[in-house]
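Written out below as C-alpha cells is the structure these notes cover.
The values are calculated or read from the model by the stated rules, or taken from the named source; none is laboratory data. In this text the structure is predicted, and so the values were computed from the model without any measurement. Note: ideal-geometry Cβ built from the backbone for every residue, glycine included; neighbour counts use all protein chains shown.
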Amino acid sequence: MATDYYAVLGVRRDASQDEIKKAFRRLARELHPDVNPDPKTQERFKEINAAYEVLSDPQKKQVYDLGGDPLSANGGGGGAGGFGAGGFGNFSDIMDAFFGTASQRGPRSRTRRGQDAMIRLEIDLAEAAFGTTKDIQVDTAVVCNTCSGEGAAPGTSAQTCDMCRGRGEVSQVTRSFLGQVMTSRPCPQCQGFGTVVPSPCPECAGDGRVRSRRTLTVKIPAGVDNGTRIQLAGEGEVGPGGGPPGDLYVEIHELPHSVFQRRGDDLHCTVTIPMTAAALGTKCPLETLDGVEEIDIRPGTQSGQSVPLHGRGITHLRGGGRGDLIVHVEVTTPSKLDAEQERLLREFSKLRGEERPLGQFQPGQQGLFSRLKDAFNGR
Ligand SMILES: [Zn+2]
Ligand SMILES: [Zn+2]
C-alpha cells in the first residue's frame, strides 16, 4: 500500500468520523488551489481529497483498513461499488469546506419583492407654492385575484418537482484535476423553485400578478420643486408570485409660469414703467399668488431697482415660512415725441439745468456689473 491516508489527514487510526471530517476541512481550506496555487500544494490537495474520500466512507474505510486500496481497486475513485449516498455526502463536504454554502442552498422562492415605480406629475406654480392634492392614474402590477398570487389555476396547487425532489437544484459529478467535483445548477424542470405548477392560473399565466390601472390620491406638500420625489410606500409593482410591492415615486414637474420665474423659494418678475412714472412714483397692480397687490414704485426709482414683497414667494418645504416675490423695475425712455411733448421736455430740462449734461462716467460699467451681481446672488 503506497499511501497512509491517516497520516495524510494527520489523524490517528482510531479517529472518529467527526475528527476525520474536521481534519479534512481544515486542510482543504488551507490547501485550496485558489488560496495556494503552488503545484506541490495542489498535489497535496489531491492527496487529502483521496484520503478523505476513503476514510469518510465506512465501506471504503473498511476495505482500506483490511489492507486494500479502494481507490485503485475501482479505478480511481467513485465507481460502481463505493459510490452511493455516502459518496455524495463526501462531495458535499468538499464543497462546504470550500464555499461554506450548505446552509444557503435550497429552492428559491417564487415570491419576490416587486420593483419601485415612478410617475411624473405636472403641477403649476401656485400648487407648488401652497401644496395640493391630486388624483393620479397609476398602471402597476397588482396581485392576481383569481389565484391570490399563487399562480395556480383555481382548484389546483403547486407540486413538489420530481426531478430535484423539491431541492430546486440538481447535482452533477464531473472529474477534473482535483479528482471528482460535484457541481450544482438550478433544476431545469422547475427553474430552481422546487415546485412546478401543473395548471397555471389562466388570468395571470402563473405569474401571480396582473397589470391594473388605479386612481391614487396624492398629497403634494407646499414647497416642492422640479424633480422633487414623493415616495408612496407599497404603491409600486407587486412582485412575481404576488410578492410584496415596491414603492411608487411621484416626481414633480413644475410648469413654467407666465409672469413669475422661480429661483429657490423666491419668485421674480419684471415690471416696465415709463420714465415719468419712475420719476414721479406710481402704484402698479400685480396679480400675485395671493391675489392682486399694489406695487409701490417710489418717486425717483431707477431702472434696475427692485421692489421686494416679503413672504409672497414659495413656502419653504422644510421649516415653514415663505420666500419673497421680487419685482424688478425697468424704466422706458419715451421715443416718438410729438411737438408739444418735445417742447415740454425741453422746458423741463432747462428748469433742471440739463440742456447740455456732461454725463457721469462710472468706472467699470457699474450699472451692468451690479445687475450681473444681482443675478448671481439670485436677487
Ligand atoms: Zn392568477
Ligand atoms: Zn426541480
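Before moving on, here are some points about what is shown:
- Single residue of segment 183-208 satisfying the filter (aliphatic (A, V, I, L, M) and not in a strand (DSSP E or B)) that is surrounded by the most Cβ atoms within 10 Å (Cβ to Cβ): Val197
- Residue ID - farthest from ligand 2 (Cβ to nearest atom), chosen from residues in segment 186-206 that are closer than 21 Å to Cys164 by Cβ and under 29 Å from the mean Cα position of the chain (by Cα): Gly206
- Unmet requirement for Arg120, which otherwise passes all of (1) surrounded by 14 or more Cβ atoms within 10 Å (Cβ to Cβ); (2) in contact (Cβ under 8 Å) with a residue 60 or more places away in the chain; (3) away from ligand 1 (no atom under 16 Å from the Cβ): (1)
- Looking across segment 211-229, the residues that are surrounded by 16 or more Cβ atoms within 10 Å (Cβ to Cβ) and of a type outside the set (S, T, N, Q) come down to Val218, Ile220, Ala222, Gly223, Val224.
- For segment 14-32, the set of residues classified as without any contact (Cβ under 8 Å) to a residue 40 or more places away in the chain and among the basic types (Lys, Arg) consists of Lys22, Arg26, listed by residue number.
- Condition check for Arg209: of a type in the set (Lys, Arg), within 16 Å of ligand 1 (Cβ to nearest atom) and under 34 Å from the mean Cα position of the chain (by Cα): yes
- Segment 331-357 residues that are farther than 19 Å from Ala277 by Cβ, paired with ones that are surrounded by 11 or more Cβ atoms within 10 Å (Cβ to Cβ) and not aliphatic (A, V, I, L, M) (beta carbon under 6 Å, 6 or more apart): Glu355/Ser349
- Criterion (at positive phi, out of contact with any Asp or Glu (no Cβ under 6 Å at 6 or more places or on another chain) and either modelled with pLDDT of 90 or more or within 16 Å of ligand 2 (Cβ to nearest atom) (or both)) met by exactly one of Gly149, Gly79, Gly100: Gly149
- Assessment of segment 13-20 against the conditions (at pLDDT 85 or above, over 17 Å from Val181 (Cβ atoms), surrounded by 13 or more Cβ atoms within 10 Å (Cβ to Cβ) and of a type in the set (A, V, I, L, M, F, W, C)) yields at least one matching residue.
- Enumeration of residues in segment 152-182 that are more than 8 Å from ligand 2 (Cβ to nearest atom), not β-branched (Val, Ile, Thr) and not in a strand (DSSP E or B): Ala153, Pro154, Gly155, Ser157, Ala158, Phe177, Leu178
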